[in-house]
Amino acid sequence: MTNRLELSGVIAKDPKRSKSLAGIPHCHFVLEHRSYQQEADLPRQVYCYINVVVSGQGQQVLTQDLAVGSHIKVAGFVSYQTGRNGIGKLVLHADHIEKI
């Protein structure tokens, strides 16, 4: 099954770095996307926030220069995660980040 998403936008919240109990480094941030898309032959304004996580020692070099306001394009897979408060959210697990 295919699970691949590519999205461009602006970093809306400061990247937060952490390590799992297993010692795996993670970088979490929120990407804000705004664009116009065609739907039913009409222009539609599209807007979303999505949580992004970048995991693994080799991937952290992708996040070292990221800050609020950075324009980037990210690619990876999406997964549903339930937080400690029991509320679920869709998260983009990025394996590619490009500044634009």
Within the range 41-88, how many residues are surrounded by 10 or more Cβ atoms within 10 Å (Cβ to Cβ), closer than 22 Å to ALA22 by Cβ and either touching a Leu at 6+ places or on another chain (Cβ under 9 Å) or basic (Lys, Arg) (or both)? 8
Look at the range 56-96 and say how many of its residues are modelled with pLDDT of 90 or more and hydroxyl-bearing (Ser, Thr, Tyr). 3
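Taking the residues in the range 36-68 that are among the small types (Gly, Ala, Ser) and touching a residue at least 12 places away in the same chain (Cβ under 8 Å) as candidates, determine which candidate is farthest from ILE100 (Cα to Cα).
GLY56
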LEU31, sole failed condition from (1) of a type outside the set (Gly, Ala, Ser); (2) touching a residue at least 12 places away in the same chain (Cβ under 8 Å); (3) over 19 Å from PRO15 (Cα atoms): (3)
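Can you say whether LEU92 is touching a residue at least 12 places away in the same chain (Cβ under 8 Å), open to solvent by less than 40 Å² (accessible area, probe 1.4 Å), outside any strand (DSSP E or B) and out of contact with any Cys (no Cβ under 7 Å at 6 or more places or on another chain), as far as the supplied structure shows?
no
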Based on this model, can you work out whether LYS13 counts as in contact with a Phe, Trp or Tyr (Cβ under 7 Å, 6 or more places away or on another chain) and more than 14 Å from GLY76 (Cα to Cα)? yes
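The values are calculated or read from the model by the stated rules, or taken from the named source; none is laboratory data. Bear in mind that the values here come from a model prediction, so they are computed numbers and not experimental data. We place every Cβ from the backbone using ideal geometry, glycine too, and count neighbours over all the protein chains shown. We work out accessible area using only protein heavy atoms, side chains counted, and drop any ligands, DNA or RNA first. Shrake-Rupley method; radii C 1.70, N 1.55, O 1.52, S 1.80 Å.
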